[in-house]
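Presented below is the structure to which this report refers.
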Amino acid sequence: MNLTKDFLERLNAVTAKRPKTVIQFILKHGYVTTEDLQKLGYKHAPRAARDVRELGIPLVTFRIKNANGKNIAAYKFGDATELKEQHFKVTGRTALSKALKKALVDKYGAVCFIYLQRMDESQLQVDHRVPYEIGGEQDTNNIDCFMLLSPSANRAKSWTCEHCPNWERKDYDYCVSCFWAHPEKYTHIADKEQRQIIITYTGNEIEDYLRLIEYVGIEKAEDTIKQLIKKYILEQ
């Protein structure tokens with residue numbers, strides 16, 4: 001792995017724990033796999049890779065076979081010229097403030113924008129509607145550029161966006177019209193012509209949901225509900 005002096009200086013300037021761990025592993029082994037990241041304690045590998053990219057350091061994603069012959073994702077450093085074209089920030093993207101979160105809660109309530117779950121404000125996370133990697137920093141005075149997400153919704157959005165074709169195209173306007181950016185008004189779901197219904201169970205409905213899980217299993221519950229909805233629509 002031949003790296004320029006400037007590239008190495010940039011890499012060694014990183015001090016944040018997660019991106020530094022990824023960087024040092026690649027420096028030592030040439031690349032890092034999703035399995036390696038999990039062993040290092042990072043269950044959500046794309047997020048760890050994203051932390052590196054947010055520092056202006058190019059990473060290339062490729063596929064590799066693990067010991068069992070299964071294809072898994074791996075990451076290595078990209079073209080050094082891309083490093084020069086990106087703005088470098090040792091601490092990564094700007095942290096989203098508590099004031100921004102409060103403004104969102106005051107306007108929309110303590111609710112996840114994706115799953116429509118009402119939950120304790122402390123559990124909600126603030127995220128860019130359009131991913132930082134595509135839209136860059138947004139004006140925090142314009143709260144409509146941001147959304148409140150439950151931890152599970154944030155993970156799902158991150159994974160889906162990073163596997164969407166637009167992750168490479170970086171078409172900002174196309175992202176704006178995606179379900180994961182604007183679930184209240186969208187034309188596609190991560191580049192697919194789809195529509196989605198999110199059902200939230202509250203109060204006594206939770207008991208019904210648990211009975212459904214017990215009856216069909218957690219993996220089939222969502223598909224069962226979708227089938228019932230489609231059947232109802234067709235019968236009307």
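The values are calculated or read from the model by the stated rules, or taken from the named source; none is laboratory data. Since the structure is predicted, the reported quantities are computational estimates derived from the model, not experimental observations. Neighbour counts run over all protein chains shown; Cβ positions are idealised from the backbone, glycine included. Heads up: the accessible areas ignore ligands, DNA and RNA and are worked out on the full protein's heavy atoms, side chains in. Shrake-Rupley method; radii C 1.70, N 1.55, O 1.52, S 1.80 Å.
Okay, helix-only estimate at 222 nm for the chain: each DSSP H run of n ≥ 4 adds -39500 (n - 2.57), divide by all residues, round to 500 deg cm²/dmol; what do you get?
Result for the chain: -13000 deg cm²/dmol, rounded to the nearest 500.
For the chain, calculate the relative contact order in percent as a whole number, restricting contacts to Cα pairs under 8 Å that are 6 or more residues apart.
13 percent.
Excluding the sites themselves, what is the longest stretch of the chain that contains no chymotrypsin sites (Phe, Trp or Tyr not before Pro) in a DSSP loop with at most 14 other C-beta atoms within 10 Å?
Answer - 89-200.
Excluding residues fewer than 8 places away in the same chain, name every one of the aspartates and glutamates whose C-alpha is closer than 17 Å to that of residue 98.
Counting by Cα, and skipping residues close in sequence, residue 98 has these aspartates and glutamates nearby: 106, 120, 121, 127, 137, 139, 144.
Taking only Cα atoms, what is the 0 to 90° angle, nearest 10, from helix 205-216's long axis to the longest principal axis of the chain?
Between the helix axis and the principal axis of the chain, the angle is about 80 degrees.
If I fit a long axis through the Cα atoms of helix 151-162 and take the longest principal axis of the Cα atoms of the chain, what angle between them do I get, 0 to 90°, rounded to 10?
The two axes meet at around 60 degrees.
Starting from one equal scatterer on each C-alpha and no solvent at all, send me the Debye-based log10 I(q)/I(0) for the chain at q = 0.11, 0.16, 0.18 Å⁻¹, two decimals.
The Cα Debye sum returns log10 ratios of -0.71, -1.28, -1.44.
Can you figure out the FRET efficiency of residue 9 with residue 225, using R₀ = 45 Å and their beta-carbon distance, to the nearest 0.05?
It comes to 0.25.
Could you sort out which of 43/192; 65/157; 107/226; 70/157; 70/230 sit more than 29 Å apart by Cα distance in this structure?
Violating the 29 Å limit, Cα to Cα: 107/226; 70/230.
Could you state how much accessible area residue 33 has, in square angstrom rounded to the nearest 10, with a 1.4 Å probe and all protein chains kept in place?
Approximately 10 Å² of residue 33 is accessible to the 1.4 Å probe.
Taking only Cα atoms, what is the 0 to 90° angle, nearest 10, from helix 98-108's long axis to the longest principal axis of the chain?
Helix 98-108 sits at roughly 20 degrees to that axis.
Mind grabbing the accessible area of residue 158 for me, 1.4 Å probe, Å², rounded to tens?
Counting only protein heavy atoms, residue 158 exposes about 0 Å² to solvent.
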